[in-house]
Structure formats: C-alpha cells, structure tokens
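Enquirer: Before I ask anything, here is the structure I am working with.
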Amino acid sequence: GAGVSQSPSNKVTEKGKDVELRCDPISGHTALYWYRQSLGQGLEFLIYFQGNSAPDKSGLPSDRFSAERTGGSVSTLTIQRTQQEDSAVYLCASSLTQHKYFGPGTRLTVT
Amino acid sequence: DQQVKQNSPSLSVQEGRISILNCDYTNSMFDYFLWYKKYPAEGPTFLISISSIKDKNEDGRFTVFLNKSAKHLSLHIVPSQPGDSAVYFCAASETSGTYKYIFGTGTRLKVLA
C-alpha cells in the first residue's frame with residue numbers, strides 16, 4: 001500500500017529564497033506531523049495537524065515557517081527567506097491511531 | 001535542553017551477538033516510550049513501544065526494558081543480524097495517546113557479518 005510520500009526528496013536553495021515542501025499522508029490518516037532533523041540532532045517536532053487545523057504549532061522555529069493542510073490530506077511546509085540554519089531533513093508523518101508513519105523526508109540545503 | 005538522550009552515537013556488534021541500545025530521559029512525566037528504526041533515505045519506522053506500567057516488552061528478537069527510577073530504557077536485539085544495521089531513535093511522550101513524541105539523537109548500529 002502507499003505510504004507517506006514527500007516531495008522533493010532533495011532541495012538546494014540560496015539563502016533568502018522561499019521554499020515549499022510537500023507531504024502526502026497515508027489516505028484516511030487524520031493526523032499529520034512535521035519534524036525536522038538537523039545534523040547531529042534528534043527529530044525536532046514542528047507542527048501537528050488534526051484534520052485541517054493545527055492545534056499545536058509550538059515547534060515552528062520562527063515566523064518564517066508556516067504550514068497548511070487542505071482537504072484533510074496534503075500538507076505544505078513553507079519556509080520564507082531561508083537561512084543556512086534551516087538546512088536539515090524535514091520529515092512528515094501521519095497517523096490514524098497512536099503510531100506515526102514517516103515519509104522519507106526532504107533534505108533541504110541552504111547555500 | 002535535551003529531554004531524551006542517546007549518549008552513544010554509534011555501536012558495532014558482531015552478527016549473532018546481542019545489541020544493547022540505551023536511552024535516558026529527564027522528564028518524569030513521560031510515561032510512554034518507543035523505539036524507531038531508520039534506514040538511509042527512508043523515514044523512521046516504528047519498532048517497539050512500552051508503557052510505564054510495564055518494565056519489559058518483547059517482540060521477537062527485540063526487547064525493550066524500562067527502569068523508571070533511573071529514567072532509563074534500553075533496546076536489546078538478540079541475535080543481531082546484518083539487516084538490523086540502521087539508526088535507532090528512542091522517543092518518549094507524556095501519555096500514550098498524545099501526538100508529541102520527543103526524540104533522542106539516535107544511535108547508529110552496525111552489525112558485522
């Protein structure tokens with residue numbers, strides 16, 4: 001069956017540019033999460049969606065980061081005016097019950 | 001402030017022997033713990049979990065032990081197989097139904113054939 005997919009798999013961007021990262025969760029999964037893993041760090045929680053609403057955005061590092069989810073399905077994480085410290089692997093996960101299913105991630109490199 | 005710590009970034013074990021991966025946490029409110037396994041270029045996959053009402057949970061070759069007083073958990077893999085070579089993440093949450101897992105930094109396990 002189809003798992004969580006993310007696109008692009010790799011993104012290289014110049015400092016100051018905006019980027020959009022996409023997540024397609026498993027069909028029927030109501031909860032969706034964004035995490036990121038910076039070099040040498042654990043998975044850092046960014047935001048949680050239940051349906052289309054985001055009850056917890058507390059992990060977003062700054063107001064340059066935003067995310068939306070439409071139709072209870074696809075989610076987009078947008079980073080405006082990217083900085084070098086935004087370089088990381090951005091992971092999306094979805095769940096119906098308690099266990100999360102992760103996508104392969106998007107590796108973002110800001111030069 | 002790292003609430004979940006995996007102090008060994010890497011571990012090498014001979015095939016057939018036991019692998020022991022360790023995890024420490026600081027938040028006494030954590031009562032649900034998980035281990036995820038991650039292969040390169042793939043997302044983490046759920047491996048095994050344990051609730052704080054237990055001190056051991058076993059699933060095939062994988063056993064997780066929880067020592068609440070020491071705020072320590074460990075994952076035992078026996079016997080270790082080359083296919084177990086991956087990065088293992090420990091995670092914790094305050095209740096089993098919560099969405100917010102706090103992850104450790106991971107331990108890279110290499111099982112030598």
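The values are calculated or read from the model by the stated rules, or taken from the named source; none is laboratory data. Just so it is clear, the model here is predicted, and its values are computed rather than measured. Here Cβ is always computed from backbone atoms with ideal geometry, including for glycine, and neighbour counts include all displayed protein chains.
Enquirer: What are the residues in segment B:1-42 that are in a loop (DSSP other than H, G, I, E, B) and of a type in the set (A, V, I, L, M, F, W, C), if any? Working first, answer last.
Expert: Of segment B:1-42, the ones in a loop (DSSP other than H, G, I, E, B) are B:1-3, B:6-9, B:15-18, B:26-31, B:39-42.
B:ILE18, B:MET29, B:PHE30, B:ALA41 - these are the residues of segment B:1-42 that are in a loop (DSSP other than H, G, I, E, B) and of a type in the set (A, V, I, L, M, F, W, C).
Listed here are the residues, each with its yes/no results for (1) within 13 Å of chain B (Cβ to nearest Cβ); (2) of a type in the set (S, T, N, Q); (3) more than 25 Å from B:PRO9 (Cβ to Cβ); (4) in contact with a Pro (Cβ under 8 Å, 6 or more places away or on another chain).
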position	(1), (2), (3), (4)
A:GLN37	yes, yes, no, no
A:GLN50	yes, yes, yes, no
A:ALA67	no, no, yes, no
A:THR70	no, yes, yes, no
A:THR76	no, yes, yes, no
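Enquirer: Checking the structure you have, find out if any residue of segment B:48-55 is out of contact with any His (no Cβ under 8 Å at 6 or more places or on another chain) and under 14 Å from A:LEU43 (Cβ atoms).
Expert: Taking every residue of segment B:48-55 in turn, none turns out to be out of contact with any His (no Cβ under 8 Å at 6 or more places or on another chain) and under 14 Å from A:LEU43 (Cβ atoms).
Enquirer: Within segment A:50-64, can one find any residue that is crowded, with 20+ Cβ neighbours inside 10 Å and within 26 Å of B:TYR39 (Cβ to Cβ)?
Expert: No; the residues of segment A:50-64 include none that is crowded, with 20+ Cβ neighbours inside 10 Å and within 26 Å of B:TYR39 (Cβ to Cβ).
Enquirer: Any idea which of (1) more than 14 Å from every other protein chain (Cβ to nearest Cβ); (2) modelled with pLDDT of 95 or more is the one B:LEU47 doesn't satisfy?
Expert: (1)
Enquirer: Give the residues of segment B:63-102 that are under 18 Å from B:GLN2 (Cα atoms), aromatic (Phe, Trp, Tyr) and within 10 Å of the chain's Cα centre (by Cα), sorted by residue number.
Expert: Of everything in segment B:63-102, those that are under 18 Å from B:GLN2 (Cα atoms), aromatic (Phe, Trp, Tyr) and within 10 Å of the chain's Cα centre (by Cα) turn out to be B:TYR88, B:PHE89.
Enquirer: Among the strands (runs of 3 or more DSSP E) confined wholly to segment A:1-66, which include 3 or more residues that are touching a residue at least 60 places away in the same chain (Cβ under 8 Å)?
Expert: Values: elements: A:5-7, A:10-13, A:19-24, A:31-37, A:43-50, A:53-56.
Of the strands (runs of 3 or more DSSP E) lying wholly inside segment A:1-66, those with at least 3 residues that are touching a residue at least 60 places away in the same chain (Cβ under 8 Å) span A:5-7, A:10-13, A:19-24, A:31-37.
Enquirer: Would you pick out the residues in segment A:67-85 that are touching a residue at least 24 places away in the same chain (Cβ under 8 Å) and of a type in the set (S, T, N, Q)?
Expert: Result: A:SER73, A:SER75, A:THR76, A:THR78, A:GLN80, A:THR82, A:GLN83, A:GLN84.
Enquirer: Yes or no: B:ASP31 among the acidic types (Asp, Glu), within 14 Å of chain A (Cβ to nearest Cβ) and over 13 Å from the mean Cα position of the chain (by Cα)? Don't jump to the end; show me each part of the working.
Expert: Numbers: among the acidic types (Asp, Glu): yes; within 14 Å of chain A (Cβ to nearest Cβ): yes; over 13 Å from the mean Cα position of the chain (by Cα): yes.
It is true that B:ASP31 is among the acidic types (Asp, Glu), within 14 Å of chain A (Cβ to nearest Cβ) and over 13 Å from the mean Cα position of the chain (by Cα).
Enquirer: Are any of the residues in segment A:86-94 more than 9 Å from chain B (Cβ to nearest Cβ), without any contact (Cβ under 8 Å) to a residue 60 or more places away in the chain and among the aromatic types (Phe, Trp, Tyr)?
Expert: Applying the first criterion (more than 9 Å from chain B (Cβ to nearest Cβ)) to segment A:86-94 yields A:86-90, A:94.
From what is left, the residues that are without any contact (Cβ under 8 Å) to a residue 60 or more places away in the chain are A:86-89.
After this cut, where a residue has to be among the aromatic types (Phe, Trp, Tyr) as well, the list is none.
So far as segment A:86-94 goes, no, none of its residues is more than 9 Å from chain B (Cβ to nearest Cβ), without any contact (Cβ under 8 Å) to a residue 60 or more places away in the chain and among the aromatic types (Phe, Trp, Tyr).
Enquirer: Exactly one condition in (1) more than 10 Å from chain B (Cβ to nearest Cβ); (2) surrounded by 14 or more Cβ atoms within 10 Å (Cβ to Cβ); (3) within 14 Å of A:GLY103 (Cβ to Cβ) is false for A:VAL19; which is it?
Expert: Every listed condition holds for A:VAL19 apart from (3).
Enquirer: A:THR109: buried (at least 21 other Cβ atoms within 10 Å of the Cβ), more than 14 Å from every other protein chain (Cβ to nearest Cβ) and either on the phi < 0 side of the Ramachandran plot or without any contact (Cβ under 8 Å) to a residue 12 or more places away in the chain (or both), yes or no?
Expert: no
Enquirer: Scan segment B:67-113 residue by residue and report those that are at the interface with chain A (Cβ under 10 Å from one of its Cβ atoms) and in a loop (DSSP other than H, G, I, E, B).
Expert: Scanning segment B:67-113 gives B:THR95, B:SER96, B:GLY97, B:THR98, B:TYR99, B:LYS100, B:TYR101, B:GLY104, B:THR105, B:GLY106.
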